[in-house]
Amino acid sequence: MDIWNTIESNLSSRSRVEVIGSYNLLQNNVINIDEAQFQRYTYTPYEGGRINLNVGFEEFIDTHENEGHSSLEELRTWIREKAFNLEKESISFVSKRGILRSIGYSLYKPNDDWSFKVCRKDNVLYLSDDRKDEVPTEEYLRKASYWGINFERIITGKADEDDILSYLVAKLIIGDFQCIVAGKTACNDEDGNFMEIKTANSRYYSERINRGWLQAYLCGNQKLLYGLRDQKGYVKADEIKVEDVAEVPNKYQWQGNWSASSMLGFIESVLKYLQDNVPEGATCSLRQNNGRYLLHLECENQVFLR
């Protein structure tokens, strides 16, 4: 099976995702773009008993380096080394998926604050955010963060000391815009499908799956695996769900009162706003604060790209 494939959105003809490459981020931020040596884990259905996600929490140090806010330089390295012609491919935007996810999800979380930089160079807009999220200080939030990390380790068999991260590079079409987007993939299933792994409180699954769906869809993950946990961080073996990303909206959005098309449409509207307002050679910042969107021109002749 060819691992590079296309996910067609059954939301509308105005959105589709095509995985066009991959890279690994190794220790000390070394990037491996050789797809013949692309390292990934394989998921096999879990057959154990109840999973206690709290094991190891006492030794957990949360650096909270969210991949949505990681450096754009990794993706730009892939573009340069692969000699990917942005102009020839009619690419308008280059971004890590976390920024687009934050934009789309803010449709339902308007009070979530976020910001990122936008630079226009050779008529391509680069979206970048090198900030680190604040480390949660509340005990429950720290545990929830650890539960997600630990669940992925258990499901994939990833060793604690293994720092290799696997990224997909996808061509994302949203409306009139073609984007190059990079985002993490956790593993593959036995058929070679790329998988996103998440945890969620079992009581709110249909309401919260929209965030996981959007995150998976934007970079071409085809499967979405959820461990449905209780309030104490336990997952039963029969509450591990594997969803087909293409089928999630029709299956869950009516139950959870959310719309996949609306989230993608909102991303498209923000991209159009940036396309219309960021001049060539400029670096700007866009931020959401209490439901308001502010575009700030920092300096017309200074860019964050090198």
Being part of a helix (DSSP H, G or I) and either closer than 25 Å to residue 128 by Cβ or open to solvent by 40 Å² or more (accessible area, probe 1.4 Å) (or both) is the requirement here; does residue 168 meet it? no
Pick from the range 230-264, criterion open to solvent by 70 Å² or more (accessible area, probe 1.4 Å) and outside any strand (DSSP E or B), ranking: nearest to residue 97 (Cα to Cα): 247
Reported set for the range 198-216 where residues are closer than 10 Å to residue 245 by Cβ and touching a Pro at 6+ places or on another chain (Cβ under 9 Å) is 213
What tally of residues in the range 182-198 results from selecting those that are part of a strand (DSSP E or B) and within 15 Å of the chain's Cα centre (by Cα)? 9
Consider only pairs whose beta carbons are under 8 Å apart and that are at least six residues apart or on different chains; among these, list those whose first residue lies in the range 26-37 and is open to solvent by less than 60 Å² (accessible area, probe 1.4 Å) and whose second residue is assigned to a helix (DSSP H, G or I). 31/74; 31/77; 31/78; 33/77; 33/78; 33/81
Kindly check whether there is at least one residue in the range 221-229 that is surrounded by fewer than 17 Cβ atoms within 10 Å (Cβ to Cβ) and either part of a helix (DSSP H, G or I) or within 20 Å of the chain's Cα centre (by Cα) (or both). no
Can you confirm whether the range 265-283 contains a residue that is in contact with a Cys (Cβ under 8 Å, 6 or more places away or on another chain), surrounded by 14 or more Cβ atoms within 10 Å (Cβ to Cβ) and assigned to a strand (DSSP E or B)? yes
Cβ-Cβ under 6 Å pairs, at least 6 apart or on other chains, the range 81-110 side surrounded by fewer than 22 Cβ atoms within 10 Å (Cβ to Cβ), far side assigned to a loop (DSSP other than H, G, I, E, B): 81/33; 106/112; 110/291
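The values are calculated or read from the model by the stated rules, or taken from the named source; none is laboratory data. The shown structure was predicted, so the numbers you read here are calculated from the model rather than taken from an experiment. Cβ: placed from backbone, ideal geometry, glycine included. Neighbour counts: every protein chain shown. These accessible areas exclude ligands, DNA and RNA; they are computed on the full protein's heavy atoms, side chains included. Shrake-Rupley method; radii C 1.70, N 1.55, O 1.52, S 1.80 Å.
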